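The values are calculated or read from the model by the stated rules, or taken from the named source; none is laboratory data. What you see is a predicted model; the values in this text were computed from it and never measured. Glycine gets a Cβ as well: all are built from the backbone with ideal geometry, and neighbour counts include every protein chain shown. These accessible areas exclude ligands, DNA and RNA; they are computed on the full protein's heavy atoms, side chains included. Shrake-Rupley method; radii C 1.70, N 1.55, O 1.52, S 1.80 Å.
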Amino acid sequence: MPIETHYRACNLCEAICGLEITHENGRVLSIAGDAQDPFSRGHICPKAVGLKDIYEDPDRLRRPLKRTADGWQELDWNTALDEVAAALRQQREAHGPHATAWYAGNPSVHNSGTQLAAPGFLRALGSRSLFSASSVDQLPHHFAAWQLYGHPLLLPVPDLDRTDHWLILGGNPLVSNGSLMTAPDVAKRLQAIQARGGKVVVVDPRRSETAAKADTHHFIRPGTDVFLLLAMTQVLFAENLVKPGRLAGITDGIEALGAAVAEFTPEHVGAITGIAPAEIRTLARELAAAERGVIYGRVGVSVQEFGGLCLWLINALNLLAGHLDEPGGYMFATPALDVLGKPGPYNRYDRYRSRVRQAPEFMGELPVACLAEDMLTPGAGQLRALVTSCGNPVLSTPNGGQLDAALAGLEFMVSIDIYLNETTRHAHYILPPATGLETAHYDVSFHALAIRNTSRYSEPLFDKGPDARYDWEIFEGLRQRLEAGDAFDVATAPAPENPEAKIDLGLRYGAYGRTGLSLDKLRDNPHGIDLGELQPRLPAALRTENQRINIAAPLFLADLDRARCVLTAGLLVSDNQLLLISRRELRSNNSWMHNLPRLIKGRNRCTLQLNPADAAARQLVDGQPVRVRSRVGSIELPVEITPNLMPGVVSMPHGYGHARPGTRLEVAQAHAGVSINDLTDEARLDELTGNAALSAVPVWVEAADVNLTP
Ligand SMILES: Nc1nc2c(c(=O)[nH]1)N[C@H]1C(S)=C(S)[C@@H](COP(=O)(O)OP(=O)(O)OC[C@H]3O[C@@H](n4cnc5c(=O)[nH]c(N)nc54)[C@H](O)[C@@H]3O)O[C@H]1N2
Ligand SMILES: Nc1nc2c(c(=O)[nH]1)N[C@H]1C(S)=C(S)[C@@H](COP(=O)(O)OP(=O)(O)OC[C@H]3O[C@@H](n4cnc5c(=O)[nH]c(N)nc54)[C@H](O)[C@@H]3O)O[C@H]1N2
Ligand code: SF4
Ligand SMILES: [Mo]
């Protein structure tokens with residue numbers, strides 16, 4: 001066969017870059033950026049080659065596995081689906097539907113098959129014990145969108161290509177490639193802001209890769225962004241800089257907001273944040289003065305105790321400064337495929353609570369920080385079984401060690417996953433779907449979060465082969481069996497429905513349906529279709545009952561009391577403790593791409609970064625192994641001394657900690673590192689939204705008395 005070229009979107013992160021892949025006889029020869037993709041314009045990052053490496057990884061699972069006394073046994077698909085469905089039904093009969101929990105991880109939103117087919121399975125499962133990576137990531141964003149705009153998925157994004165002032169809190173897009181902001185080649189877009197005379201400002205306890213390229217960087221003490229944001233809001237009111245423009249007519253509560261923030265002057269919050277009052281004033285004034293400006297916050301301000309308040313205030317500041325729904329500001333995409341669903345009021349909040357801690361449900365899910373305790377605490381309603389899909393919560397959720405132990409005690413667990421890893425090793429069955437290059441893909445979520453309206457569909461590159469199942473076939477297979485019970489007969493059951501039909505229908509009835517957009521049209525345009533720059537969408541897009549924005553929503557105002565208490569009492573950190581934060585790295589993706597030799601090779605990146613002053617105070621030298629302890633655990637890793645960390649703050653990557661028995665990850669085991677989430681504390685939660693407070697964990701750091709192998 002001759003060398004052929006295939007075009008598809010990379011589904012490894014939110015940037016959705018177009019790829020040009022050459023291949024011959026079922027082997028990938030090269031992966032490059034697709035220069036003809038109108039959105040990504042040829043950009044890729046080092047992770048893109050991971051698609052070839054995942055496809056070829058000898059450790060990737062291809063057939064269902066069942067745990068037996070003699071180890072893992074391969075099963076054929078029908079037997080595996082029959083046995084799993086029977087076990088799930090048995091659990092339901094024995095303990096009721098809610099005793100079986102579900103955890104969906106991050107790649108769920110990067111897989112249209114999973115995204116579209118999992119809901120049907122969950123309806124058949126009937127459990128409300130649903131958990132996901134959203135509660136270690138972005139619930140505050142959804143919460144603010146729901147409170148202000150009426151729907152949790154109505155998320156504004158920075159209009160990067162037209163802004164002249166970009167203020168970033170707790171995001172490192174030059175490494176993450178952007179999040180809740182789909183913007184391929186963010187580095188070039190950032191440079192373009194500077195080239196047209198604009199300014200980029202970063203607020204981060206670490207001088208991140210993005211901060212290094214910004215015009216200004218401010219260190220902030222982790223977890224205190226809420227105070228900075230309150231003070232910036234106070235400055236806008238105090239200095240008469242509030243100018244919501246055309247949105248004034250549809251916004252309620254502006255006065256009430258001014259009254260609520262009045263006490264939070266820059267002088268009042270300066271000490272706790274570590275940012276001088278004059279600098280706080282400048283941050284507020286510059287945002288207000290910018291003709292086209294935007295303040296944007298991401299993981300760093302979302303995974304903290306006041307994540308909900310932070311995201312509220314980020315939205316509020318954009319509105320007050322006249323940047324909401326304005327070109328160059330904070331805008332809403334108009335996706336080709338609508339993700340909001342049925343019109344009508346959104347009421348998925350506090351309809352039920354987590355079992356032990358009584359944390360409220362939001363968006364139909366409970367905080368994953370509560371998952372382990374709801375499994376471990378005996379009594380009525382105890383969680384006995386778990387289904388995971390696309391997730392590795394042992395490494396990705398707070399106090400992963402506790403969850404690790406809880407999973408070992410479950411009566412039944414099944415994982416839909418491509419690896420036998422730290423989490424799935426506890427499963428009784430693993431069902432591995434075809435993945436990546438073997439699948440068709442449409443970015444259901446990320447076109448809706450993109451800084452430009454675009455649409456792109458990817459065909460599978462390789463045939464998955466007769467022995468593999470797509471993720472949607474697995475979900476549909478389980479759904480049918482749960483619904484039919486003993487009456488299920490594989491010979492007569494209808495073939496699982498390919499969710500692609502839903503995409504086609506959505507496109508035809510969507511915002512661009514009239515212009516002829518359909519799946520066929522996307523098939524004819526393999527580089528994707530540009531649908532133009534972002535358009536103002538308010539008030540029509542609002543989903544609030546009265547079609548107005550209440551910028552002083554009562555849930556936020558009430559939550560201010562928690563912030564007031566902390567401001568009065570100060571942070572609960574002793575003199576010899578440091579505050580732990582996380583970092584991401586370019587050649588890795590959360591916990592699951594460490595088994596790919598090309599990406600993991602090189603120096604050990606699982607290090608504890610700390611400031612020279614903090615190192616000197618502890619008499620530590622670069623590279624020395626240290627022990628890091630928190631309320632919940634203790635780990636050891638080498639120290640990396642760098643002025644890029646704010647004094648009093650330490651940083652390490654998440655997603656490591658692969659040295660656990662019973663996994664099938666040969667490469668990752670050799671680069672095991674340790675898990676930051678063996679230190680993060682499940683008790684630390686943003687009580688408003690249920691998001692885990694992974695940032696600003698108080699820890700003790702001291703020299704380790706044993707040598708670590710590098
Ligand atoms: N301390 C700390 N913890 C964090 C973070 C942090 O910054 N600091 N970040 C948080 C964030 S933002 C996130 S999103 C979470 C991520 O948390 P998780 O989603 O729980 O973890 P991942 O590492 O993304 O694990 C992905 C899993 O999906 C599997 N997988 C990959 N591709 C496929 C596929 O096509 N199909 C199926 N079925 N499975 C697949 C992988 O094998 C792996 O088991 O971690 C969070 N945890
Ligand atoms: N290469 C790579 N890309 C990825 C991922 C990956 O693992 N690797 N993960 C993907 C996922 S799931 C996500 S959600 C996105 C995340 O995308 P981003 O949010 O852009 O990524 P992070 O690197 O987590 O950036 C968080 C920043 O917040 C800072 N920070 C920590 N605590 C605080 C705080 O209290 N206040 C402030 N102001 N800043 C703080 C950290 O120092 C860090 O620079 O990245 C995605 N892209
Ligand atoms: S930036 Fe994200 S989407 Fe683009 S190539 Fe890298 S991993 Fe893929
Ligand atoms: Mo994430």
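Residues to consider are A124, A118, A144; find the one that is under 27 Å from T454 (Cα atoms), away from ligand 1 (no atom under 16 Å from the Cβ) and not in a loop (DSSP other than H, G, I, E, B). Give the derivation first.
Working: A124 fails: under 27 Å from T454 (Cα atoms); A118 fails: away from ligand 1 (no atom under 16 Å from the Cβ).
Just a single option satisfies the conditions, and that option is A144.
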Selection from region 649-669 of residues surrounded by fewer than 21 Cβ atoms within 10 Å (Cβ to Cβ), in contact with a Leu (Cβ under 6 Å, 6 or more places away or on another chain) and of a type outside the set (K, R) yields T663
Please tell me if G178 is within 16 Å of ligand 3 (Cβ to nearest atom), in a loop (DSSP other than H, G, I, E, B) and either surrounded by fewer than 23 Cβ atoms within 10 Å (Cβ to Cβ) or on the phi > 0 side of the Ramachandran plot (or both).
yes
Residue by residue through region 24-56, note down the ones that are closer than 30 Å to I430 by Cα and either touching a residue at least 40 places away in the same chain (Cβ under 8 Å) or within 16 Å of ligand 4 (Cβ to nearest atom) (or both).
G26, V28, P46, K47, V49, G50, L51, K52, D53, I54, Y55
Within the set of pairs 6+ apart or on separate chains, which have a first residue in region 249-277 that is over 15 Å from C565 (Cα atoms), a second that is modelled with pLDDT under 95, and C-beta atoms under 8 Å apart?
A276/G270; P277/G270
Go through (1) assigned to a helix (DSSP H, G or I); (2) touching a strand residue (DSSP E or B) at 6+ places or on another chain (Cβ under 7 Å); (3) in the same structural domain as Y429 (by TED's automatic domain parsing) for A48 and report which single condition fails.
(3)
By residue number, the members of region 35-71 that are within 20 Å of P433 (Cα to Cα), more than 13 Å from ligand 1 (Cβ to nearest atom) and of a type in the set (K, R) are K52, R63, K66, R67
Given G71, G42, which one is open to solvent by less than 50 Å² (accessible area, probe 1.4 Å), on the phi > 0 side of the Ramachandran plot and in the same structural domain as Y457 (by TED's automatic domain parsing)?
G71
The condition from (1) within 12 Å of ligand 4 (Cβ to nearest atom); (2) surrounded by fewer than 24 Cβ atoms within 10 Å (Cβ to Cβ); (3) of a type outside the set (S, T, N, Q) that D164 misses is numbered (1)
Filter region 611-628 for residues that are among the small types (G, A, S) and in contact (Cβ under 8 Å) with a residue 24 or more places away in the chain; the one that is nearest to M646 (Cα to Cα) is A613
Take region 34-53 and flag every residue that is within 16 Å of ligand 2 (Cβ to nearest atom) and touching a Gly at 6+ places or on another chain (Cβ under 6 Å).
S40, H43, I44, L51
Note on region 479-513: residues closer than 30 Å to H323 by Cα and open to solvent by 50 Å² or more (accessible area, probe 1.4 Å) are A511
Could you grab me the full set of residues in region 676-710 that are on the phi < 0 side of the Ramachandran plot, within 16 Å of ligand 4 (Cβ to nearest atom) and in a loop (DSSP other than H, G, I, E, B)?
T680, D686, T689, N691, A693, L694, S695
Going through region 562-600 one residue at a time, which ones are under 17 Å from D59 (Cα atoms), within 16 Å of ligand 4 (Cβ to nearest atom) and open to solvent by 50 Å² or more (accessible area, probe 1.4 Å)?
W592
Selection from region 200-213 of residues under 20 Å from F227 (Cα atoms) and part of a strand (DSSP E or B) yields V201, V202, V203, R206
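Can you pull out every residue in region 202-242 that is within 16 Å of ligand 1 (Cβ to nearest atom), in contact with a strand residue (DSSP E or B) (Cβ under 8 Å, 6 or more places away or on another chain) and over 18 Å from G308 (Cβ atoms)?
Residues of region 202-242 within 16 Å of ligand 1 (Cβ to nearest atom): 204-206, 208-210, 222-223, 225.
Then drop every residue that is not in contact with a strand residue (DSSP E or B) (Cβ under 8 Å, 6 or more places away or on another chain), which leaves 204-206, 208, 210, 222-223, 225.
Matches in region 202-242: D204, P205, R206, S208, T210.
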Residues of region 385-404 satisfying the condition of being away from ligand 2 (no atom under 14 Å from the Cβ), open to solvent by 10 Å² or more (accessible area, probe 1.4 Å), under 17 Å from A693 (Cβ atoms) and part of a helix (DSSP H, G or I):
Q402
Count of residues meeting criterion [open to solvent by 20 Å² or more (accessible area, probe 1.4 Å) and more than 16 Å from ligand 2 (Cβ to nearest atom)] in region 134-148
2
Looking only at strands (runs of 3 or more DSSP E) that fall completely inside region 538-635, which ones have 1 or more residues that are under 24 Å from the mean Cα position of the chain (by Cα) and at pLDDT 95 or above?
578-583, 608-610
Determine the pairs where a residue that is within 15 Å of K521 (Cβ to Cβ) and not assigned by TED's automatic domain parsing to the domain that holds L116, located within region 492-506, has a partner that is open to solvent by less than 60 Å² (accessible area, probe 1.4 Å) and among the polar types (S, T, N, Q) with Cβ atoms under 9 Å apart, the partner being 6 or more residues away or on another chain.
none
Could you list, ordered by first residue, the pairs with Cβ atoms under 6 Å in which the first is in region 651-673 and within 20 Å of V136 (Cβ to Cβ) and the second is among the hydrophobic types (A, V, I, L, M, F, W, C) and within 16 Å of ligand 4 (Cβ to nearest atom), at least 6 apart or interchain?
S651/I581; M652/I676; H654/I676; G655/L395; G657/L395
Of residues in region 98-121 being touching a Gly at 6+ places or on another chain (Cβ under 9 Å) and open to solvent by 20 Å² or more (accessible area, probe 1.4 Å), the one nearest to F475 (Cα to Cα):
P107
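Among E326, E279, E263, which is the only one that is open to solvent by 10 Å² or more (accessible area, probe 1.4 Å), more than 26 Å from T182 (Cβ to Cβ) and more than 16 Å from ligand 2 (Cβ to nearest atom)?
Every option except E263 fails the conditions.
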Failed item, numbered, when V674 is tested on (1) among the hydrophobic types (A, V, I, L, M, F, W, C); (2) open to solvent by less than 20 Å² (accessible area, probe 1.4 Å); (3) within 16 Å of N399 (Cβ to Cβ):
(2)
Every residue in region 57-108 that is assigned to a loop (DSSP other than H, G, I, E, B), closer than 17 Å to T663 by Cβ and away from ligand 4 (no atom under 16 Å from the Cβ), please.
D57, P58, D59, R60, L61, R62
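Out of the residues in region 214-260 that are in a strand (DSSP E or B) and of a type in the set (S, T, N, Q), which is nearest to V299 (Cα to Cα)?
T216
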When residues of region 525-535 are filtered for being surrounded by 17 or more Cβ atoms within 10 Å (Cβ to Cβ) and in contact with a helix residue (DSSP H, G or I) (Cβ under 9 Å, 6 or more places away or on another chain), how many remain?
4
Do we find a residue being under 24 Å from G341 (Cβ atoms) and in the same structural domain as E473 (by TED's automatic domain parsing) anywhere in region 76-98?
yes
